[in-house]
Amino acid sequence: PVMASETSSNDVCGRLYTALSDIDYATEDDLPLAAKSWEFSADERTVTFHLRRGMRFSDGHPLTSGDVKFSFDVYMDDSLHPAAQEALTWRDAGTGERRKFTYSAPDSYTFTVTGPRPYALMLASTGSVRILPRHVLEPVFREGRLASAYGIDTPPARLVTSGPWRLREFVAGERVELERNPYWF
């Protein structure tokens with residue numbers, strides 16, 4: 001999902017990989033996904049997410065705030081510069097200065113994101129980060145090979161997902177078949 005840059009890939013990746021939250025476009029309500037709840041700090045610069053306990057990736061491995069932090073590390077990596085990175089930065093209208101949000105995982109089920117100023121789109125911005133399996137992708141990320149870790153030739157069983165679906169079958173130019181992720185909450 002980090003490298004997806006066109007609609008068809010993003011549509012599939014949005015089903016395979018979850019985020020902390022999403023938006024119900026019909027009601028414009030914020031929806032919990034991996035985060036069961038959140039609250040903003042008094043100065044409205046920091047949002048603290050509380051993750052659902054018991055979430056698992058499609059291979060059964062537990063999903064924790066360490067995976068969320070890893071995912072943010074990937075999305076904030078300047079060598080990859082995914083499109084979603086822009087949503088995680090703040091630009092001063094006067095100077096054009098760009099400042100990235102900061103984030104931390106103080107425990108296994110808590111994740112915080114802080115902006116330089118209050119930001120009305122903080123939930124939407126953090127919701128653009130899809131949660132990646134650190135236990136699978138961290139080694140290739142550290143080696144600088146994340147952009148090619150998953151491709152159209154990746155066997156479906158090797159594609160570890162965090163969302164409600166996993167890949168059943170992919171035939172280039174023909175079809176994408178998904179199946180239920182048995183570990184989805």
- [ ] Name the residues whose placed amide hydrogens come within less than 5 Å of the amide hydrogen of Lys36, ignoring near sequence neighbours (fewer than 5 apart) on the same chain.
- [x] His50, Leu51, Arg52
Open item on the list: What are the ³J(HN,Hα) couplings of the range 152-160, residue after residue, when phi is run through the Karplus curve with 6.51, -1.76, 1.60 and θ = phi - 60°? Round to Hz, x for glycine and proline.
Closed with: 5, 9, 6, x, x, 5, 8, 8, 8
Task: Heavy-atom accessible surface of the chain: percent carbon and sulfur, 1.4 Å - done: 49
- [ ] Enumerate the amide H contacts of Leu31 below 5 Å, restricted to partners 5 or more residues apart or on another chain; note that Pro and chain-start residues carry no placed amide H.
- [x] Asp22, Ile23, Asp24
TODO: Quick one: net charge around Ala105, please, counting Lys, Arg +1 and Asp, Glu -1 for every other residue with C-beta under 13 Å from its C-beta.
DONE: -1
Open item on the list: With the crude spin-label approximation of a point 7 Å out along Cα→Cβ, what separation in nm comes out for Glu39 versus Thr95?
Closed with: 3.3
Open item on the list: Could you give each residue of the range 33-41 its phi-based ³J(HN,Hα) in whole Hz, using Karplus coefficients 6.51, -1.76, 1.60 with θ = phi - 60°, and x for Gly or Pro?
Closed with: 10, 5, 8, 7, 6, 7, 8, 9, 5
- [ ] Under 1.5 on a/c is rounded, so check that first for the range 7-61, then, if it is not, pick prolate when a/b is larger than b/c and oblate when it is not; a ≥ b ≥ c are the square roots of the alpha carbon gyration tensor eigenvalues.
- [x] oblate
- [ ] Enumerate the amide H contacts of Trp165 below 5 Å, restricted to partners 5 or more residues apart or on another chain; note that Pro and chain-start residues carry no placed amide H.
- [x] Asn181
Task: Helix-only [θ]222 nm of the chain, DSSP H runs n ≥ 4, -39500 (n - 2.57) each, per residue, nearest 500 - done: -5500 deg cm²/dmol
Task: Rounded to whole Hz, the Karplus (6.51, -1.76, 1.60) HN-Hα couplings of the range 53-59, x for glycine and proline - done: 7, x, 5, 9, 6, 5, 9
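The values are calculated or read from the model by the stated rules, or taken from the named source; none is laboratory data. Values in this document were obtained by computation on a predicted structure and should not be read as measured data. Glycine gets a Cβ as well: all are built from the backbone with ideal geometry, and neighbour counts include every protein chain shown. Surface accessibility is based on the protein's heavy atoms, side chains included, excluding ligands, DNA and RNA. Shrake-Rupley method; radii C 1.70, N 1.55, O 1.52, S 1.80 Å.
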